[in-house]
Amino acid sequence: MAEAEEDCHSEAVREGDDDDENESPAETDLQAQLQRFRAQWMFELAPGGGSGNLESRPCRAARGSLQRAADTRGKQELAKEEKARELFLKAVEEEQNGALYEAIKFYRRAMQLVPDIEFKITYTRSPDGDGVGNSYIEDTDDDSKMADLLSYFQQQLTFQESVLKLCQPELESSQTHISALPMEVLMYVFRWVVSSDLDLRSLEQLSQVCRGFYICARDPEIWRLACLKVWGRSCIKLVPYTSWREMFLERPRVRFDGVYISKTTYIRQGEQSLDGFYRAWHQVEYYRYIRFFPDGHVMMLTTPEEPQSIVPRLRTRNTRTDAILLGHYRLSQDTDNQTKVFAVITKKKEEKALDHKYRYFRRAPVQEADQNFHVGLQLCSSGHQSFNKLIWIHHSCHITYKSTGETAVTAFEIDKMYTPLLFARVRSYTAFSERPL
């Protein structure tokens with residue numbers, strides 16, 4: 001039996017050897033593939049050796065989609081921050097222009113997008129975008145371009161349209177817009193704004209409406225007429241000023257849109273009482289008012305009444321206030337560059353009605369005389385205002401007798417009773433215009 005098992009085993013071995021000989025090419029190819037697979041597997045398991053290749057296609061697709069999503073989120077964040085930057089700079093611009101309500105709205109929108117946008121803005125470079133807030137960013141090119149604002153606005157108007165228009169309507173309307181008026185008519189309107197009272201303050205406010213009004217308000221002819229009305233023939237030449245506007249703003253002059261007021265207070269001894277135990281003392285207060293007009297007229301009033309009741313009466317020269325002095329003034333600039341105001345004023349003449357009761361009685365002849373006052377004041381500036389202070393330098397009374405022609409002069413001593421006069425602007429004086437410039 002053992003021999004039979006050995007014969008069977010040997011036959012199986014021979015059959016296996018025959019099978020190996022018959023399948024050797026395919027088996028060899030399979031072995032080679034297996035070796036390559038093992039080598040590739042060992043290479044991938046090695047540290048740093050192609051670990052990324054272990055990922056399957058679904059994993060690589062998932063990682064790619066996550067990367068694209070991250071890139072999209074990053075772009076959205078950058079766009080959101082850029083929008084917040086533009087809104088914040090727009091808010092800064094509105095705040096500088098005085099539109100606080102609009103500025104708050106832009107600030108709120110910016111902080112809703114990026115809460116810490118205030119700390120992410122650099123003011124040394126212009127933001128990318130449509131240029132919102134460029135007026136707030138410091139740039140040397142912009143500074144040089146904005147140095148002469150008038151030329152800049154004129155250049156913009158010339159480049160924007162083939163037909164020159166000073167302004168355009170912001171909203172469509174069926175009514176005729178002011179930009180349809182000819183330039184000559186617009187300039188005549190601006191001369192009415194200035195008026196014969198030389199209200200150049202209103203002209204400056206009007207120039208802030210738009211670029212076209214800014215150009216009209218800088219018209220040299222308006223400022224030249226204003227200078228001629230103030231200084232007359234003495235301002236024919238511009239030297240040392242560069243423009244008529246600069247001359248009007250910087251050359252010393254009296255102001256017409258208000259009143260110069262001074263208050264004087266002193267103590268006066270009264271009469272002794274009947275019993276002789278005490279003597280009364282009185283505190284005396286009174287005011288001096290001086291109002292100048294562009295045509296060379298001046299008014300002066302000395303009264304104990306307070307400004308609240310007197311100032312409205314001094315709007316025109318046709319006032320019915322008693323004891324008011326009317327006259328003319330002139331400006332004088334000495335070699336020491338001090339501007340002085342000299343005025344000759346006299347009491348307003350009143351026609352006395354003839355008293356018929358005593359018309360048949362002979363009266364003693366009264367010597368008629370003309371009385372006027374000569375006033376000298378030094379014009380200076382104090383504080384932040386210009387030409388708002390007048391200091392007394394001379395005050396005298398001149399009486400001329402008509403019968404003999406002689407003149408008696410009485411000069412008053414300039415002491416502490418002559419307090420300086422300070423200017424107070426009165427809005428009602430320029431509330432309306434009577435005549436154009």
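Screening the stretch 198-231 for residues that are free of Cβ contacts under 8 Å to residues at least 60 places away in the same chain and either in contact with a strand residue (DSSP E or B) (Cβ under 6 Å, 6 or more places away or on another chain) or under 18 Å from residue 258 (Cβ atoms) (or both) and picking the one that is most open to solvent (accessible area, probe 1.4 Å) gives 205. So is residue 46 farther than 30 Å from residue 116 by Cα, at pLDDT below 55, exposed (fewer than 11 other Cβ atoms within 10 Å of the Cβ) and not β-branched (Val, Ile, Thr) or not? Judged against the criteria, residue 46 is not a match. Annotation: of all residues in the stretch 404-437 being without any contact (Cβ under 8 Å) to a residue 40 or more places away in the chain and of a type in the set (S, T, N, Q), the one that is farthest from residue 194 (Cα to Cα) is 404. Number of residues in the stretch 226-255 that are more than 23 Å from the chain's Cα centre (by Cα) and of a type outside the set (Gly, Ala, Ser): the value is 16.
If you go through the stretch 315-336 one residue at a time, do you hit one that is in contact with a Gly (Cβ under 7 Å, 6 or more places away or on another chain), open to solvent by less than 40 Å² (accessible area, probe 1.4 Å), at pLDDT 70 or above and farther than 25 Å from residue 285 by Cβ? Yes - at least one qualifying residue is present in the stretch 315-336.
Within the stretch 354-370, work out how many residues are open to solvent by 90 Å² or more (accessible area, probe 1.4 Å) and either in a strand (DSSP E or B) or at pLDDT 85 or above (or both).
Residues of the stretch 354-370 that are open to solvent by 90 Å² or more (accessible area, probe 1.4 Å), as a first pass: 354, 356-363, 365-368.
Subset that is either in a strand (DSSP E or B) or at pLDDT 85 or above (or both): none.
Going through the stretch 354-370 one residue at a time, the tally reaches 0.
Tallying residues that are at positive phi and touching a residue at least 40 places away in the same chain (Cβ under 8 Å) within the stretch 373-389 yields 1.
Taking strands (runs of 3 or more DSSP E) as the structural unit, those lying wholly within the stretch 380-437 and holding at least 1 residues that are modelled with pLDDT under 85 and not hydroxyl-bearing (Ser, Thr, Tyr) correspond to 385-401.
The values are calculated or read from the model by the stated rules, or taken from the named source; none is laboratory data. Remember, predicted model here, so these are calculated numbers, not experimental data. Glycine gets a Cβ as well: all are built from the backbone with ideal geometry, and neighbour counts include every protein chain shown. Surface areas here come from the heavy atoms of the whole protein model, side chains and all, with no ligands, DNA or RNA. Shrake-Rupley method; radii C 1.70, N 1.55, O 1.52, S 1.80 Å.
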